[in-house]
1. Which value, in Å to one decimal place, does the Kirkwood hydrodynamic radius take for segment 62-137 when every pair of different Cα atoms is included?
2. Taking every pair of Cα atoms in segment 24-162, average 1/r, invert it to obtain the Kirkwood radius, and report Rg/Rh to two decimals.
3. Give me, ordered by chain and number, the residues 5 or more places off Ser94 or on other chains with an amide H under 5 Å from its own placed amide H.
4. Rounded to whole Å, give me the distance from the Cα center of segment 92-152 to that of segment 30-86.
5. Between beta-carbons, use under 13 Å as the cut-off and find the net charge around Arg125, counting Lys and Arg +1, Asp and Glu -1.
6. How would you rank Ile154, Ile90, Ile32, going from fewest to most other Cβ atoms within 10 Å of each one's own Cβ?
7. Can you pull out the trypsin sites (Lys or Arg not before Pro) in segment 57-86 that DSSP calls coil and that have at most 14 other Cβ atoms within 10 Å?
Amino acid sequence: MKRRAWLLLPLASCAKREAFVAVAETVRIVDIDRGMVTVDKIAKTKAEWRQALSPTRYWVMREAGTEQPFTGEYDKYEGPGVFRCAACGIALFSGDHKFISSSGWPSFWQPLAPQNILKRQDGDRTEVLCIRCEGHLGHVFDDGPQPTGLRYCINSIALKLTK
Ligand SMILES: [Zn+2]
């Protein structure tokens, strides 16, 4: 009797742990084609991110690095399009809200949808991250143009332009 009970316990606890792991964290975002949708959050280990991203992109997006000003792919881009997260693909910014600032980084006066980004206090600055993968994008400042007065200062390498 005693022995049987001892054998059953580890099995039960093992099953519980599997059930817990299978429940993925989700988030509500705006999809440009489908409207509000629920998507799984992307959680990878450091090693998995290192494998998925180029070294510079890993440094910017996972270690909150900042690319050199005036060197990024989209700094001077003025055309239309949707700027997606370079790590997980969700739509983050629109060419309609982009402006050329003198900062040397792509600048937007608003995100495509407030639901799609995450803001976090970073010392005296406000960090901007992708809501789905929590990849670092850049910072937001209050010296932007109207109508918002905001300047989302974003690393080119954290974005992927789609038209
Ligand atoms: Zn992302």
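1. 13.0 Å
2. Value, to two decimals: 0.94.
3. Amide H to amide H, under 5 Å and 5 or more residues apart or across chains, Ser94 pairs with Phe83, Leu112.
4. About 13 Å separates the Cα centre of segment 92-152 from the one of segment 30-86.
5. That sum, taken over residues with Cβ under 13 Å, equals -2.
6. Fewest to most other Cβ atoms nearby, the residues stand as Ile32, Ile90, Ile154.
7. Here the trypsin sites (Lys or Arg not before Pro) that fit, given the DSSP loop and packing criteria, are Lys76.
FYI, it's all coordinate maths here, none of it is from the lab. Keep in mind that this is a model prediction, so the values were computed, not measured. All Cβ positions, even for glycine, are placed from backbone atoms using ideal geometry, and neighbour counts span all protein chains on display.
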